[in-house]
Amino acid sequence: MKALMAERIRTMGGWHWLALFGLILGSWILLYLMAVPQDLRLAGAIYGADFWRDLCLVTPDAAGYLRILMMWMLMSFAMMAPTALPAFATYEDLSHTRAETSFGLLVGAYIAVWFGFSVFAAALQLGLYRWELISAFGDSQSRLLSAALLLIAGLYQFSPAKEACLSKCRRPLIFFMQYWEEGPLRNGLRLGLVCLGCCWALMLLAFAGGVMNIAFMGLATLIMVFEKLPDLGRYATKPLGLVLCGWAGLILLNLI
């Protein structure tokens, strides 16, 4: 096993891999720089919602939507690309001709699906902000909203749809062999949709934990990566569902 892992790491030295790793690292650096320090968050609490609206952090208009959309696209790439690295590596192993071109199409199509999700998430964030359910930081101001998001994510962990999508993500070799003839573009789109089926509910927990909360983003990424591990991931899915449902219950009972 160690020999296989070492060989896999050695093969990840092509320019396309270096570019992908560079983009992931750059995205996380940008997210870190965009994260609002705690002292400024406290300033917003002291001076009220207008404090951040005046600083143009978010505005309920088209310009505000575009800023939110760019942030969600950056966050989606930074969080979801690492979860698909085993699938990308498997696809490259299966590609014997024009490997780098196929790799780029596959990754691009995969990310396009998550950019589509970002369009929805940004619109949802703007709507929740207008309804005063979340703050300018994108975190929940409503106990009912937080509990609902946690409960939805928790119950989804037990759903057949979640299990079906995870089974494909955990076995990318079987997945790609099944749809290989469709080519890298359609395989990338299909992989993105499967990944979306796994992770959409966990991603929407950003509205409970804070959209610009770097700690939440890091923890959620680690959880989603772990869930997709072929041998260990199955031990995390249902326990995580129980934790999320329990958390929702504690919020509803005003215990946290």
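The values are calculated or read from the model by the stated rules, or taken from the named source; none is laboratory data. Keep in mind that what you see is a predicted model, and the values were worked out from it rather than measured. Glycine also receives a Cβ, built like all others from the backbone with ideal geometry; neighbour counts cover every protein chain displayed.
Taking the range 125-134 as the range and being without any contact (Cβ under 8 Å) to a residue 60 or more places away in the chain and either under 16 Å from Leu193 (Cβ atoms) or assigned to a helix (DSSP H, G or I) (or both) as the test, only Gly127 passes.
In the range 198-233, what count of residues is obtained for those that are without any contact (Cβ under 8 Å) to a residue 12 or more places away in the chain and charged (D, E, K, R)?
Final tally of qualifying residues: 1.
Any residue that is among the small types (Gly, Ala, Ser), crowded, with 18+ Cβ neighbours inside 10 Å, modelled with pLDDT of 95 or more and within 16 Å of the chain's Cα centre (by Cα) - is there at least one of those in the range 188-199? So far as the range 188-199 goes, yes, one or more of its residues are among the small types (Gly, Ala, Ser), crowded, with 18+ Cβ neighbours inside 10 Å, modelled with pLDDT of 95 or more and within 16 Å of the chain's Cα centre (by Cα).
In this entry, Leu105 passes the filter for residues that are within 21 Å of Trp17 (Cα to Cα), part of a helix (DSSP H, G or I), of a type in the set (A, V, I, L, M, F, W, C) and more than 15 Å from the chain's Cα centre (by Cα).
Please find, within the range 7-47, the residue that is nearest to Leu74 (Cα to Cα) out of those that are at pLDDT below 90 and of a type in the set (Ser, Thr, Tyr). So, considering only residues that are at pLDDT below 90 and of a type in the set (Ser, Thr, Tyr), the one nearest to Leu74 (Cα to Cα) is Tyr32.
Look at Met217 and say whether it is within 15 Å of Pro86 (Cβ to Cβ), under 13 Å from the mean Cα position of the chain (by Cα) and surrounded by 15 or more Cβ atoms within 10 Å (Cβ to Cβ). Write out each step before concluding.
On the way: within 15 Å of Pro86 (Cβ to Cβ): no; under 13 Å from the mean Cα position of the chain (by Cα): yes; surrounded by 15 or more Cβ atoms within 10 Å (Cβ to Cβ): yes.
So Met217 fails the test.
Against the conditions (1) surrounded by fewer than 18 Cβ atoms within 10 Å (Cβ to Cβ); (2) touching a residue at least 24 places away in the same chain (Cβ under 8 Å); (3) in a helix (DSSP H, G or I), Phe117 satisfies every one except (1). Only one of the numbered conditions (1) at pLDDT 95 or above; (2) out of contact with any helix residue (DSSP H, G or I) (no Cβ under 7 Å at 6 or more places or on another chain) is not met by Arg130, and that is (1). Taking the range 135-146, which residues are in a helix (DSSP H, G or I) and either among the charged types (D, E, K, R) or in contact with a strand residue (DSSP E or B) (Cβ under 9 Å, 6 or more places away or on another chain) (or both)? Selection gives Arg143, Leu145, Ser146.
Note on the range 157-168: residues that are touching a residue at least 40 places away in the same chain (Cβ under 8 Å) and surrounded by fewer than 20 Cβ atoms within 10 Å (Cβ to Cβ) amount to 2.
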